[in-house]
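K.L.:
Quick one: the structure is below, and I'll ask about it shortly.
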Amino acid sequence: MTTDTQTAPAPTSDKDRVKIFDTTLRDGEQCPGASMTLDEKLQVAELLDEMGVDIIEAGFPIASNGDFEAVVEIAKRVENAVVAGLARAIAGDIARAGEAVRHAEQPRIHTFVSTSPIHLAHQMRKSEDEVVDIIQATVAQARNLVEDVEWSAMDATRTSIEYLCRCVDQAIKAGATTINLPDTVGYATPEEYEAMFRDIRERVPDSDKAVFSVHCHDDLGLAVANSLAGVKGGARQVECTINGLGERAGNASLEEIVMAIKTRADAMPYVTGVNSQMLMRASRLVSAVSAFPVQYNKAIVGKNAFAHESGIHQDGMLKNTETYEIMRPEDVGVKETSLVMGKHSGRHAFREKLASLGYELGDNALEDAFRRFKDLADKKKHVFDEDIEALVEDEVATAGEAVKLAALTVIAGTGGPQRATITLDIDGRHETREASGDGPVDAIFNAIKMVIDHNATLTLYQVGAVTQGTDAQAEVSVRLEEAGKVVTGRGADTDTMVASAKAYLSAVNKLTLKRERLHAQAV
Ligand code: KIV
Ligand code: ZN
């Protein structure tokens, strides 16, 4: 084994290319509280496409009109990746998925059915023979709509090999081009999962006509290990999500799969098409739009993933970084925290900085972002790359909002009662309200509610710091729930109260927009 990661030979054969299938927008978004708006989904899809992800699962079109619309818009926007839409093994689902993905350059229908005895008996209430007939009919229907059809055996790892072989055989005969064998409940061990792929590929006569795929959940913390074991067993597609977002304990994390394959090419002779230097940016974006924080010690993208605290480690690092680092931080997009610019920096330098961070803004957005950068540089001594990223993401997220924060004054402290006076800009008209509350944040939210009334429940209020130091920008996430609809708002500012007001307003704006859309649909 060598740890000289820079010199490990990269495999060249086509056979060893592992496709990355990202399901952040479907399996990830499906997890409670992680729902994203259409704009947020588009931002994530565009980044995934740019990053080199092979297949983007854009959503579950039959689930709601919003999901359908998101898959359509993503299908129109994505330039390089295959765009997949999920469908149960039901004719209506497949037709709807086909309708949504047909706008894509490379459309895929992904249809699934349960195969394990426990699912057949309790969920499907169908016999094994009936399910085989369903597979034949639904895969054939999908194949009539698109060339590229993926079939998944839900709960494959708790299904007998004999029955799984029968199902896979039927799916391939009916025209499936990808066969996915998920560990739906996160139950398998790496050895079992690898053996399952070997067995199925050996036993099913036409197995070479399809690409095999892994899809692992992390209930026992084995999702990444199982995925890699499945690849060793012959799978050449890995289904995963940014930050491991997903049902229950989540899915296999895309960044861990990509970096494990890249870093240990000596042990795993495969390649992916993902540009690993964009991993950190993707992680930050998904964390921000889903309001799911990334744990500090998360592999690859956690804040501490490249931090060295102990004296011995720091000493080693200063002598040679390879003493304690098996990957270079820059390979995953972690830059040396750099002091970027000050209040004297001009528009040109700002535009260049944005480009180096991967942002391209139109003239108006650039002007707004530049103005906000100048304001920030006035308040904050050191402006870092992370500050600029937070600022631009905030700018993009709030662009076009009908109600904006114009002014805020807060009285906080031990004396009480805490009070907030807020002025909101509603399409150019200013409205001011004053409210008290159980703490300053509560007072701010109450004041906003006096202007824009709603019945939503606050289900999340989360504060993080963009960088270190007491002058760091606070990044606040707020989640509101109203009649089953969940929206998340974000705000960043050096003043935590201002950031809180912006985040709450952003959520309320989204709620209003959602209500208007639902109303329009109903009409
Ligand atoms: O976990 C699972 O089995 C799934 C299928 C729909 C592929 O997400
Ligand atoms: Zn899943």
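K.L.:
Taking the alpha-carbon distance from Lys76 and a cut-off under 25 Å, which lysines remain once sequence neighbours fewer than 8 residues away in the same chain are dropped?
P.N.:
Lys19, Lys41, Lys510, Lys514
K.L.:
Sticking with this one: In angstroms, what radius of gyration and Dmax does region 185-260 have, counting Cα atoms only?
P.N.:
In order Rg, Dmax, the Cα atoms of region 185-260 give 12.2, 37 Å.
K.L.:
Right, another one. If you take every residue apart from Arg158 with its C-beta less than 12 Å away from the C-beta of Arg158, what net charge results, scoring Lys and Arg +1 and Asp and Glu -1?
P.N.:
Residues near Arg158 contribute -3 overall.
K.L.:
Under the Kirkwood approximation applied to all pairs of distinct alpha-carbon atoms, what is the hydrodynamic radius of region 238-314 in Å?
P.N.:
Kirkwood radius, region 238-314: 13.5 Å.
K.L.:
Okay, moving on. Output the 0 to 90 degree angle, nearest 10, between the alpha-carbon long axis of helix 190-203 and the longest principal axis computed from the alpha carbons of the chain.
P.N.:
40
K.L.:
Taking 25 °C and 0.890 mPa s as the conditions, I'd like the Stokes-Einstein D for region 392-523 in µm²/s, using the Kirkwood hydrodynamic radius from alpha carbon pairs.
P.N.:
162
K.L.:
P(r) of region 337-397 in 5 Å steps, Cα pairs, percent per bin?
P.N.:
The distribution over region 337-397 is 4, 20, 37, 28, 10, 1, given as percents.
K.L.:
Arrange Glu40, Glu191, Glu57, Glu482 by Cβ neighbour counts within 10 Å, fewest through most, would you?
P.N.:
The order, fewest Cβ neighbours first, is Glu191, Glu482, Glu40, Glu57.
K.L.:
Same structure, new question: Rounding to the nearest 10 and keeping the result within 0 to 90°, find how far the Cα-based axis of helix 385-398 lies from the longest principal axis of the chain.
P.N.:
With both axes taken from Cα atoms, the answer is about 90 degrees.
K.L.:
Moving on to the next point. Per 5 Å bin, what percent of the C-alpha pairs of region 14-290 does each bin hold, from zero upward?
P.N.:
Percent of Cα pairs in each bin: 1, 6, 14, 18, 21, 19, 13, 6, 2, 0.
K.L.:
What ranking of His119, His454 emerges when the number of other C-beta atoms within 10 Å of each C-beta is taken as an exposure proxy, fewest first?
P.N.:
Ascending number of Cβ neighbours within 10 Å: His454, His119.
K.L.:
At a 10 Å Cβ-Cβ cut-off, how would you order Asp394, Asp375, fewest neighbours first?
P.N.:
Asp375, Asp394
K.L.:
At q = 0.07, 0.11, 0.13 Å⁻¹, what base-10 log of I(q)/I(0) does the Debye formula yield for the chain when every alpha carbon is treated as an equal point scatterer in vacuo?
P.N.:
-0.43, -1.01, -1.29
K.L.:
If you don't mind, there's one more thing I want to ask. When DSSP assigns beta bridges and you keep just the ones with both residues in region 14-290, what percent turn out antiparallel, to the nearest 5?
P.N.:
Among the beta bridges of region 14-290, antiparallel pairing accounts for roughly 5 percent.
Here, each number is a calculation from the coordinates, and none is a lab measurement. What you see is a predicted model; the values in this text were computed from it and never measured. Here the Cβ is made from the backbone with ideal geometry for all residues, glycine too, and neighbour counts use every protein chain on show.
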